[in-house]
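Read the structure below first, then the notes.
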Amino acid sequence: MNMFIFPFSNPSVFDIIGVGDPKSDGPLVCSYVTSPFPTFSSESSIQPDPKMESLPEAVLIRILASIPAADLVLVCRLVCCQWKNLVDGAALWILKCQQEGLTGEESQENAENWQNFYFLSKRKRNLIKNPCGEEDLQYWGEVENGGDGWKIEELPGDFGKEFPSEDVHKYFVTSYEWCRKSQVIDLRAEGYWEELMDTTQPKVVVKDWYAGRSDAGCLYELCVKLLSENEDVLAEYKSETIAIPQDNDADWTEISHTFSNYGPGVRFVLFEHGGQDTLFWKGWYGVRVTNSSVTVEP
């Protein structure tokens, strides 16, 4: 391991940094040790090693890439102009993306895009809570229980088919009058700050899955709105009313929509879906829904 020794303002204390093999393709491991050394007099012929800012930029970037992203932005960026430029530049974030297996569909030349790409990729997850009914109707608000109301059933259900993913085990099913339910996602509470939403305007991707029973017809609708701080509608997607006929094949169908270039001010996402059966049979013969998702993506 190559060792670099850098003096602090106190000449009796040194910072020792191990940077590993610079020819290695793997990440560098940094260790920091403070040790007492004799104080050098002004007449001493022994000169201290160069300071950290004199390191080659490529080596410094590899050292910084081992630091958590939040610390890079909130702490390291404030150390000096050189570090600020490196944290604001593309090379550091390209390296972090490569180290953590985060790759884009196409090359991004803008430095800010690489930093945002990293943070958005790390945060990407389904923002819908309880999407498959594992927790009954918890987290779903503004519930409209027409007919006999919503019910949660195990897959595949009567006259139904298994879901394409083995990770999904349950679904919500509607009744003979309209059943609707919704969730409001607070983007700031989920870690998407105002400047990011206003300037970068990352994609908001909405997906839902629906199916009917093979022995009954049904209707399905999806409506998603992007809302401002005051809950004004800034962008909206509303599907047509989808009619599934009786004697259908009961296959699960995915519906999706991507919001982009929606303008500044988005703070909430309102997700609402629902349906009913078309035969007005008592019980739960209406549309089935599950695996709903809302993701914020680069």
Legend entry - Accessible area (Å², 1.4 Å probe, nearest 10) - His169: 100 Å²
Inset, instruction - Report, in cubic angstrom per residue, the convex hull volume of the C-alpha atoms of the range 157-298. - result: 113 Å³
Legend entry - Percent RCO, i.e. relative contact order, over the range 218-298, from Cα pairs under 8 Å lying at least 6 residues apart: 40 percent
Legend entry - Charge dipole (debye, nearest 20) of the range 149-291; +1 at Cβ of Lys and Arg, -1 at Cβ of Asp and Glu: 200 debye
Inset, instruction - Just the number, please: carbon plus sulfur as a percent of the accessible area of the range 214-298, 1.4 Å probe, no ligands or DNA/RNA counted. - result: 45 percent
Inset, instruction - Count neighbours as other Cβ atoms within 10 Å of each site's Cβ, and list the GluC sites (Glu not before Pro) in the range 236-298 that are DSSP loop with at most 13 such neighbours. - result: Glu240
Legend entry - Computed FRET value (nearest 0.05) for Val79 with Glu195, which takes r as the C-beta separation and R₀ as 22 Å: 0.50
Legend entry - Largest-first ordering by accessible area, 1.4 Å probe, given options Ile152, Ile128: Ile152, Ile128
Inset, instruction - For the range 224-298, just list the percent of Cα-Cα distances falling in each 5 Å bin from zero outward, please. - result: 3, 11, 20, 20, 14, 11, 9, 7, 3, 0
Legend entry - Heavy-atom surface of the range 127-177, accessible at 1.4 Å and reported per residue (Å²): 54 Å²
Legend entry - Normalised alpha carbon radius of gyration of the range 154-208 [divisor 2.2 N^0.38 Å]: 1.72
Inset, instruction - Quick one: pull the percentage of alpha-carbon pairs in the range 191-270 with a separation above 22 Å. - result: 39 percent
Inset, instruction - Would you work out the relative contact order for the range 158-298, in percent, from Cα pairs under 8 angstrom that are 6 or more residues apart? - result: 43 percent
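The values are calculated or read from the model by the stated rules, or taken from the named source; none is laboratory data. As the structure is a prediction and not an experimental result, all values here were calculated from the model. A quick note on method: Cβ atoms are made from the backbone with ideal geometry, for glycine too, and the neighbour counts reach across all protein chains shown. Only protein heavy atoms, including side chains, enter the accessible area calculation; ligands, DNA and RNA are left aside. Shrake-Rupley method; radii C 1.70, N 1.55, O 1.52, S 1.80 Å.
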